[in-house]
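Just below is one structure, and these are the notes that go with it.
None of the figures in this text is laboratory data; all of them are computed from the coordinates on show. Model, not experiment: these values are computed from the prediction. With ideal geometry, Cβ positions are generated from the backbone for all residues, glycine too; neighbour counts draw on all protein chains shown.
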Amino acid sequence: MNRFPLLIIVLFLFSCTTKTSKNTVMDLSAAAFDTLINGKKTALYTLSNERGMRVSVTNYGAKIVSIVVPGKDGEPADVVLGFASVADYVKYGASHGATVGPFANRISGAAFTIGSDTFRLPVNNGPNCIHSGPESFYRQVWEAHQQDNQVVMTLHSPDGEWGFPGNKTVTVTYTLTPENELRIDYNAVSDKPTHFNLTNHSYFNLRGEGNGDILDHVVVIMAGEVTPVDSFMIPTGEIKDIRGSSLDFTTPHPIGERIDREDPQLQIASGYDFNYILGQGSPEPVFAASAWEPGSGRYMEVLTTEPGIQLYTGNHLKGTEVGKSGVAYSRRTGFCFETQHFPDSPHQPQFPTTLLLPGDTLRSTTIYRFSIK
């Protein structure tokens, strides 16, 4: 007689618990990031502002660990895929939230030539090199210093490390502004000519990490051209107009609307994984792309000085990595906006150059701006 009221109460409590767990932001433990790797100390650094935005970064790989922003209901969510400890970052894929370098994306044949000298890189993507090899910037412990809402991270990479010439010094500065912007400033110098292409490889899910796929996110990219790729995902050298095609985001489209169409490029990449051409780059950050998640109302804009941006839709996430909220990251549960120079630029003289000469300084800025729409 009393079983049915009891059952109703149990189901009500279960539904409340489920709802709370989906919206709860996991508190990161600073102790879980306090360790030594190769004799160097790792740590977690947290920035916050008065508008409810909070950013956590670690000096292991100069990685963004967490970005917490409110939705239209006022509830906060962590919109970046990532892990709860340095141990998990060591265990799982290196690219989550990472500063990628010296050269982000792919270099064909895992080698390049400067003058009469050929430099051979790690082979880790078919016959090619991707993201400078498996142990590059994203597996290193950076020097770090926090002051107020800014963290400055510095890395010294010796001549020949991972095949790249020159003694190199790289600085990445993360700044959280009162306008809900995470600003990333890159600087790099080298005492020998070398190729540089820096980016951040955060996976975003504006519904909240661990809360399903990103196929409903509505994307805009200010680019009518891409650098099409061959079967190894290496640019063919062509500049292709994609307006009106399945790759066109000059007008708003949900990621999932056309992702599985029988477009040869989409089939090669198993979804979106393309370099969109923004221009030749600019001295100050300009609008490049945006994403909006209708359910939460969260809206993210990307501004950059870079000439390109790679949209990657997490096509190869396999569900083998368990994130901060205890949920495995499966296929298409996060997307990347990787601001960059073009892939394989050392072999494509018609692309904007990535060659950094002694005496010159690489300067690049990308801003992720969050609001509600």
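Rounding to the nearest 10 and keeping the result within 0 to 90°, find how far the Cα-based axis of helix 3-23 lies from the longest principal axis of the chain. That works out to roughly 20 degrees. Fewest-first ordering of 207, 369 by other beta carbons within 10 Å of each residue's beta carbon gives 369, 207. Set against the 2.2 N^0.38 Å expectation for a compact globular protein, the stretch 31-372 has a Cα radius of gyration ratio of 0.93. Among 62-71, 92-101, sorting by the average number of other beta carbon atoms lying within 10 angstrom of each residue, highest first, gives 62-71, 92-101.
Across the stretch 201-214, rounded Karplus estimates of 3J(HN,Hα) from the backbone phi angles (6.51 cos²θ - 1.76 cosθ + 1.60, θ = phi - 60°) give 10, 5, 9, 10, 9, 6, 6, x, 4, x, 10, x, 8, 10 Hz, Gly and Pro being marked x.
Each Cα pair under 8 Å and six or more residues apart adds its separation to the average, and for the chain the resulting relative contact order is 17 percent.
Panel order for 81, 36, by other beta carbons found within 10 Å of each beta carbon, from fewest to most: 36, 81. Under 18 Å of direct C-alpha separation, and excluding same-chain neighbours fewer than eight residues apart, residue 63 reaches these lysines: 40, 41, 91, 324. The Cα center of the stretch 207-282 and the Cα center of the stretch 111-126 differ in position by 28 Å.
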